[in-house]
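Trainee: What follows is a single structure, and I will ask about it in a moment.
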Amino acid sequence: MRKWKGLNKLLISLAAIVISLALGAILVVIEGNNPLEAYAILFSSVFSNQVNFGEAVIKAVPIAFTGLAVVVAYRCGTFNLGAEGQLLLGAAGCIWFATSFSHLPVPVVLLCCLLIGGIAGALWGLVPGLLKAKYGINEIITTILMNYVAAYLVSWLVNGPLQEASGHNPQTDAIEKFLRLPILVKTTRIHLGVVLLILLSIAIYYYLFYTAGGFRMRAVGLNRDAAECSGINIRSNVLKAMLLSSAIAGIGGAIEILGVQFRLIDGFGSGYGFDGVDMALIGQLQPFGVLFTAMLFGILRTGANSMQRLAGIPASVIDVIQALIIFFVVSAGSIQLIRRPKKKTGKEELS
């Protein structure tokens, strides 16, 4: 049952992508260009160029982390729309430790940066998690509001306590070169964080679908009343899901600092949180689906620049295609929910 249900969800996402690309082709025709040529440029510019492919991977990493964060929370029936703020706090914690304790051994600094990033993200998700678990306060509102607080807090940090020594720009000092994540592929910016992302995705999948703790979280997400009657502690699972989700986003912020940005600047991470929501939805709330979707969006965003430069087609066409993919996936899910003929059994729903 789980196999067929998963295949059905996969087909929905693939159909949404194909239809969106077809509609995007119509826009290209309206612009007076050949859509086959445009798409050939878009994809070939990424897959035939090692540097561009590396950029596509790099663009996918942070939104994959926030997407995984959204998946973990949603599986427990909680909507974490604060992944952007949690990513920001994780980045801030990472840059503080990396610039303050650079004299320590490199493995220790890197490990502590990731750990502090996760802790900072988790602490930022603690408030909405407690409010949801203890008082039932809508976490959508609180997590969104926490994003604004995080953005202003980071802005204060890079203009104050953590500002670079010269004091000229709203940014921190860069971390030392020997503390940056190793590059895996020469001539690209693909770094060790990509491997960590894949390993984390595997760990999340295993936890959600092959452990008792993951089963309890998913049970709460599917039917809180039934879960409570079965003896599952609703509050503790909601809080655990929010903390775990927030920690994942925080680690993503630390990896982005250590692997790509190397310093924290004002405005860092803008849009990553809601992009993560998109990745989670299109990826059908599956960790590996998030990885695939994030990579697809990374390819589209990287290839869009080449398509605009070589074919004269506005890069905004890709923004339209991305929006259409999201629209069709969400619409298909809503239609399925409305047309659901009967209540699934607990065993079927937990697949």
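Trainee: Might you let me know whether segment 83-104 holds any residue that is open to solvent by less than 20 Å² (accessible area, probe 1.4 Å) and farther than 23 Å from Gly259 by Cα?
Mentor: There is no residue in segment 83-104 that is open to solvent by less than 20 Å² (accessible area, probe 1.4 Å) and farther than 23 Å from Gly259 by Cα.
Trainee: Among the listed residues Leu88, Leu110, Leu23, Leu7, which satisfies the condition of being at pLDDT 95 or above and out of contact with any Gly (no Cβ under 9 Å at 6 or more places or on another chain)? Walk me through it before giving the result.
Mentor: Values: Leu88 fails: out of contact with any Gly (no Cβ under 9 Å at 6 or more places or on another chain); Leu23 fails: at pLDDT 95 or above; Leu7 fails: at pLDDT 95 or above.
It is Leu110.
Trainee: Return the pair list, or none, for Cβ contacts closer than 9 Å from residues in segment 252-270 that are on the phi > 0 side of the Ramachandran plot to residues that are open to solvent by 50 Å² or more (accessible area, probe 1.4 Å), at least 6 apart or on different chains.
Mentor: As it stands, the answer is Phe262/Lys177; Phe262/Arg180; Gly267/Pro170, since those pairs meet every condition given.
Trainee: Then there's this: Among the candidates Asn147, Asn169, which residue alone is assigned to a helix (DSSP H, G or I) and of a type in the set (S, T, N, Q)? Show your work before the answer.
Mentor: Details: Asn169 fails: assigned to a helix (DSSP H, G or I).
The conditions single out Asn147.
Trainee: Any idea which of (1) in contact with a strand residue (DSSP E or B) (Cβ under 6 Å, 6 or more places away or on another chain); (2) in a helix (DSSP H, G or I); (3) not small (Gly, Ala, Ser) is the one Ile248 doesn't satisfy?
Mentor: Of the numbered conditions (1) in contact with a strand residue (DSSP E or B) (Cβ under 6 Å, 6 or more places away or on another chain); (2) in a helix (DSSP H, G or I); (3) not small (Gly, Ala, Ser), the odd one out for Ile248 is (1).
Trainee: If we scan segment 203-226, do we find a residue that is open to solvent by less than 80 Å² (accessible area, probe 1.4 Å) and under 21 Å from Glu55 (Cα atoms)?
Mentor: For segment 203-226, residues open to solvent by less than 80 Å² (accessible area, probe 1.4 Å) and under 21 Å from Glu55 (Cα atoms): absent.
Trainee: Among residues belonging to segment 54-78 that are of a type outside the set (D, E, K, R), open to solvent by 10 Å² or more (accessible area, probe 1.4 Å) and farther than 23 Å from Ile257 by Cα, point out the one that is farthest from the chain's Cα centre (by Cα).
Mentor: Looking at the filtered set, the residue picked out is Gly77.
Trainee: Consider Gly167 carefully, then state whether it is at positive phi, open to solvent by 20 Å² or more (accessible area, probe 1.4 Å), over 24 Å from the mean Cα position of the chain (by Cα) and without any contact (Cβ under 8 Å) to a residue 40 or more places away in the chain. Step through it out loud before you land on a result.
Mentor: Values: at positive phi: yes; open to solvent by 20 Å² or more (accessible area, probe 1.4 Å): yes; over 24 Å from the mean Cα position of the chain (by Cα): yes; without any contact (Cβ under 8 Å) to a residue 40 or more places away in the chain: yes.
Taking the combined requirement at face value, the residue satisfies it.
Trainee: Quickly run through segment 170-188 and pick out the residues that are exposed (fewer than 15 other Cβ atoms within 10 Å of the Cβ), of a type outside the set (A, V, I, L, M, F, W, C) and within 24 Å of the chain's Cα centre (by Cα). Step through it out loud before you land on a result.
Mentor: Going residue by residue through segment 170-188, those that are exposed (fewer than 15 other Cβ atoms within 10 Å of the Cβ) are 176-178, 182-183, 185-187.
Right, trim to of a type outside the set (A, V, I, L, M, F, W, C) and you get 176-177, 182, 186-187.
Hit for segment 170-188 is Pro182, nothing else.
Trainee: Right, another one. I'd like the residue in segment 298-351 that is basic (Lys, Arg), assigned to a helix (DSSP H, G or I) and surrounded by fewer than 18 Cβ atoms within 10 Å (Cβ to Cβ) and, out of all such residues, is modelled with the highest pLDDT.
Mentor: Of segment 298-351, the ones basic (Lys, Arg) are 301, 309, 339-340, 342-344, 347.
Next cut, assigned to a helix (DSSP H, G or I) only: 301, 309, 339, 347.
Keeping just the survivors that are surrounded by fewer than 18 Cβ atoms within 10 Å (Cβ to Cβ) gives 309, 339, 347.
Values: Arg309: 86, Arg339: 58, Lys347: 48.
The selected residue is Arg309.
The values are calculated or read from the model by the stated rules, or taken from the named source; none is laboratory data. The structure presented is a predicted model; accordingly, all values stated were derived computationally and were not measured. With ideal geometry, Cβ positions are generated from the backbone for all residues, glycine too; neighbour counts draw on all protein chains shown. Heavy atoms of the whole protein, side chains included, go into the accessibility calculation; ligands, DNA and RNA do not. Shrake-Rupley method; radii C 1.70, N 1.55, O 1.52, S 1.80 Å.
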